[in-house]
Amino acid sequence: MSDVAQCLQSVRERIAAAARRCGRSPDSARLIAVSKRKPATDIREAYAAGQRDFGENYAQELVDKATQLQDLEGIRWHMIGHLQRNKVRQILPVVHAIHTVDSVRLATELGRRAEARGGPPVEVLVEVNVSGEASKSGCEPSQLAPLLEALRGYSCLSVHGLMTVPPASEDPEHALPYFERLRSLRDAQAGSATLPDLSMGMTSDLEQAVAAGATWVRVGTAIFGARPARIES
Ligand SMILES: *Cc1c(COP(=O)(O)O)cnc(C)c1O
């Protein structure tokens, strides 16, 4: 078994164990393999090991990899990084879900472009800045209702839920209250019938996220190893 396949298996086991511990079905939290700054060969290994959902942070990198890997049938690309409006047109043809809608302006651009394209609806999630840190992207909790309403105005967008990134911390337990906050915001908005998905949890804190109700966890390092630093160009 390849390294990537082995790591993937242990991440799956972590997720299933965390789900069982809180009485959830082991497959109720699904895995997005975060492949940012990792080569296409790594993604092929994960795909060969059964992984189908992959996450990228940069629009250009997502489009490049989707193009290089278009022979992989059924692969699904998730945009999990901040999305600029001028990149919407570029990623729409290849993206399966966008986890980072954080403004009405972005929602409007997405809705207009997706409507013009036609085809199956794009899954969208609203990124919420639950910690209020100035450096974080995501909408403020008070902006959530109008943003959801704007998204629901477009039949080509399918609103699936909420996403968050908690403040960085050495202690994964520190993430738990932020995950719980995201869940209660969802419950206050509409509940799980209309917003089923909570995208939260990464390599260090996926157990806490699953305990708080994550349906998507986004894991990079534990699958593909440490990433090279981002080269600014
Ligand atoms: C990089 C990234 C991840 C994965 O982080 P790891 O700690 O490597 O698992 C998850 N979510 C987002 C938004 C990211 O940018």
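Values computed for the structure shown
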{"quantity": "Failed condition for ASP27, given (1) surrounded by fewer than 20 Cβ atoms within 10 Å (Cβ to Cβ); (2) assigned to a strand (DSSP E or B)", "calculated": "(2)"}
{"quantity": "Complete set of residues in segment 50-74 that are away from the ligand (no atom under 16 Å from the Cβ) and either closer than 22 Å to GLU127 by Cβ or buried (at least 20 other Cβ atoms within 10 Å of the Cβ) (or both)", "calculated": "VAL63, ALA66"}
{"quantity": "Total residues in segment 110-130, condition crowded, with 17+ Cβ neighbours inside 10 Å and either farther than 17 Å from VAL94 by Cβ or modelled with pLDDT under 95 (or both)", "calculated": "7"}
{"quantity": "Some residue of segment 51-61 being under 22 Å from LEU157 (Cβ atoms), among the aliphatic types (A, V, I, L, M) and not in a helix (DSSP H, G or I)", "calculated": "no"}
{"quantity": "Any hit, segment 189-203, residues being farther than 19 Å from VAL159 by Cα and touching a helix residue (DSSP H, G or I) at 6+ places or on another chain (Cβ under 7 Å)", "calculated": "yes"}
{"quantity": "Checklist (1) under 20 Å from ASP197 (Cβ atoms); (2) of a type outside the set (Lys, Arg); (3) part of a loop (DSSP other than H, G, I, E, B); (4) in contact with a His (Cβ under 9 Å, 6 or more places away or on another chain) applied to HIS82, failing item", "calculated": "(4)"}
{"quantity": "Those residues of segment 194-210 which are closer than 23 Å to GLN6 by Cβ and within 9 Å of the ligand (Cβ to nearest atom), in sequence order", "calculated": "GLY201, MET202, THR203, SER204, ASP205, LEU206"}
{"quantity": "Filter result (acidic (Asp, Glu) and closer than 25 Å to LYS65 by Cα) within segment 8-51", "calculated": "ASP42, GLU45"}
{"quantity": "Residue match in segment 86-95 (condition: closer than 24 Å to MET200 by Cα and either touching a Ser or Thr at 6+ places or on another chain (Cβ under 6 Å) or of a type in the set (Gly, Ala, Ser) (or both))", "calculated": "no"}
{"quantity": "Selection within segment 119-150 - acidic (Asp, Glu) and within 15 Å of ARG181 (Cα to Cα)", "calculated": "GLU127, GLU133, GLU140"}
{"quantity": "Test: ARG230 is under 28 Å from ALA46 (Cα atoms), in contact (Cβ under 8 Å) with a residue 60 or more places away in the chain, out of contact with any strand residue (DSSP E or B) (no Cβ under 8 Å at 6 or more places or on another chain) and charged (D, E, K, R)", "calculated": "yes"}
{"quantity": "Members of segment 211-233 that are of a type in the set (Val, Ile, Thr), at pLDDT 95 or above and either exposed (fewer than 10 other Cβ atoms within 10 Å of the Cβ) or within 13 Å of the ligand (Cβ to nearest atom) (or both)", "calculated": "VAL217, VAL219, THR221, ILE223"}
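Matching residues to (1) among the hydroxyl-bearing types (Ser, Thr, Tyr); (2) at pLDDT 95 or above:
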residue	(1), (2)
VAL159	no, yes
VAL165	no, yes
ALA168	no, no
ARG183	no, yes
GLY191	no, no
THR194	yes, no
GLY201	no, yes
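Let's see how each residue does on (1) within 14 Å of the ligand (Cβ to nearest atom); (2) surrounded by 15 or more Cβ atoms within 10 Å (Cβ to Cβ):
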position	(1), (2)
GLN6	no, no
ALA17	no, no
LYS36	yes, yes
ASP42	yes, yes
ALA48	no, no
ASN86	no, no
LEU92	no, yes
HIS99	yes, yes
THR108	no, yes
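The values are calculated or read from the model by the stated rules, or taken from the named source; none is laboratory data. Bear in mind that the values here come from a model prediction, so they are computed numbers and not experimental data. Because the Cβ atoms are built from the backbone with ideal geometry, glycine has one as well, and the counts that use them run over all protein chains shown.
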